[in-house]
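Engineer: First the structure, which I've put down as structure tokens, then a few questions once you've had a look.
The values are calculated or read from the model by the stated rules, or taken from the named source; none is laboratory data. The model shown is predicted, which means the values in this text are computed figures rather than measured ones. Here the Cβ positions follow ideal geometry from the backbone for every residue, glycine too, while neighbour counts run over all protein chains shown.
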Ligand SMILES: C[S@@+](CC[C@H](N)C(=O)[O-])C[C@H]1O[C@@H](n2cnc3c(N)ncnc32)[C@H](O)[C@@H]1O
């Protein structure tokens, strides 16, 4: 994470609310896998990644009809950008996780879409590239799905997304923090009350404070990957999220059968023009 101080009260408030999601150290110490990390299999392109999903139309309609370039920040396995092909002729994926980028590259390859991978955290990789004289470049459209709730220092992140976009940015997030799905389980297994905010409205407030007036579009959530319907994968996911050991698997399985996690069924898409006058963080 970059260490830039928040620029506006809305940005400071976002960071403060995200910080309230910290898991007590004594609980994290018992985790077998870092609770905030993602299993790459969950974000793989599979047959549930529907190119006709309305969320993709928001980006596709910005792209030139004869094809354009896309930057996908926090690309995971490419579920947010690869469905934009063939209108997206070239897709650049940025992710802090090498395992995710490997999946992204393999899926782009099999879809016949030109691709490039940049490993590292946004906006740090863009800032470093700019300073070293080989900027990441400019892209027709920038997409960023299901990442903002991972970003305490949201303002330079958003400014950098906007700066490198020629035509527009589409950021997608659930209305509430994605870990809210596990709040009841946290209460049950650890007797811990989890926070409520921030919400997508707080993300909009940050954009407004930066002088950006995004379109705000509520959409049904694209199908979760097959992984989400697999009971074995769900127990593994719960174990990771809740910092529990595999010795609790039977207990988890029984509890989840009666209390499935409250995964959100709708998302909020924020779309705004690129190439703004915002000063980049460089
Ligand atoms: C929840 S996954 C979403 C993946 C994909 N966008 C999708 O919708 O399927 C979030 C991804 O963002 C990456 N990520 C989180 N913060 C990031 C940052 N500041 N820079 C680059 N990648 C980041 C994580 O490694 C992870 O792969």
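Engineer: For the stretch 19-31, which positions are loosely packed, with under 12 Cβ neighbours inside 10 Å and not in a helix (DSSP H, G or I)?
Structural biologist: Restricting attention to the stretch 19-31, the residues satisfying the condition of being loosely packed, with under 12 Cβ neighbours inside 10 Å are 19, 22, 24-26, 29-30.
Across the stretch 19-31, the qualifying residues are 22, 24, 29, 30.
Engineer: Among (1) part of a helix (DSSP H, G or I); (2) within 16 Å of the ligand (Cβ to nearest atom); (3) surrounded by fewer than 22 Cβ atoms within 10 Å (Cβ to Cβ); (4) at pLDDT 95 or above, where does residue 202 come up short?
Structural biologist: Exception for residue 202: condition (2).
Engineer: With the structure loaded, tell me whether residue 171 is assigned to a helix (DSSP H, G or I), modelled with pLDDT of 95 or more and crowded, with 18+ Cβ neighbours inside 10 Å or whether it fails that test. I'd like the intermediate steps shown before the answer.
Structural biologist: Working: assigned to a helix (DSSP H, G or I): no; modelled with pLDDT of 95 or more: yes; crowded, with 18+ Cβ neighbours inside 10 Å: yes.
For residue 171, the condition - assigned to a helix (DSSP H, G or I), modelled with pLDDT of 95 or more and crowded, with 18+ Cβ neighbours inside 10 Å - is not met.
Engineer: Hey, another quick one. Only one of (1) under 21 Å from residue 157 (Cα atoms); (2) out of contact with any helix residue (DSSP H, G or I) (no Cβ under 9 Å at 6 or more places or on another chain); (3) free of Cβ contacts under 8 Å to residues at least 60 places away in the same chain; (4) away from the ligand (no atom under 13 Å from the Cβ) fails for residue 131. Which number is that?
Structural biologist: Residue 131 satisfies all of (1) under 21 Å from residue 157 (Cα atoms); (2) out of contact with any helix residue (DSSP H, G or I) (no Cβ under 9 Å at 6 or more places or on another chain); (3) free of Cβ contacts under 8 Å to residues at least 60 places away in the same chain; (4) away from the ligand (no atom under 13 Å from the Cβ) except (3).
Engineer: Hey, could you check the stretch 95-123 for residues that are in contact with a helix residue (DSSP H, G or I) (Cβ under 6 Å, 6 or more places away or on another chain) and assigned to a strand (DSSP E or B) and say which is farthest from the ligand (Cβ to nearest atom)?
Structural biologist: Restricting to residues being in contact with a helix residue (DSSP H, G or I) (Cβ under 6 Å, 6 or more places away or on another chain) and assigned to a strand (DSSP E or B), the top hit is 115.
Engineer: Further question: How many residues does the stretch 63-89 hold that are part of a helix (DSSP H, G or I) and either without any contact (Cβ under 8 Å) to a residue 40 or more places away in the chain or away from the ligand (no atom under 16 Å from the Cβ) (or both)?
Structural biologist: Number of matching residues: 2.
Engineer: Still on this structure: Take residue 140 and tell me if it is more than 10 Å from the ligand (Cβ to nearest atom) and modelled with pLDDT of 95 or more. Show your work before the answer.
Structural biologist: On the way: more than 10 Å from the ligand (Cβ to nearest atom): yes; modelled with pLDDT of 95 or more: yes.
So residue 140 passes the test.
Engineer: Among the residues of the stretch 144-156, is any at negative phi, surrounded by fewer than 20 Cβ atoms within 10 Å (Cβ to Cβ) and assigned to a helix (DSSP H, G or I)?
Structural biologist: Yes, the stretch 144-156 has at least one match.
Engineer: Look at the stretch 224-282 and say how many of its residues are assigned to a loop (DSSP other than H, G, I, E, B), modelled with pLDDT of 80 or more and over 19 Å from residue 37 (Cβ atoms). Talk me through it step by step, then tell me what you get.
Structural biologist: Taking the stretch 224-282 as the starting set, the residues that turn out to be assigned to a loop (DSSP other than H, G, I, E, B) are 224-225, 230, 242-245, 259-265, 274-282.
Subsequent filtering for residues that are modelled with pLDDT of 80 or more retains 242-245, 259-265, 274-275.
Next cut, over 19 Å from residue 37 (Cβ atoms) only: 259-260, 262, 264-265, 274-275.
The total comes to 7.
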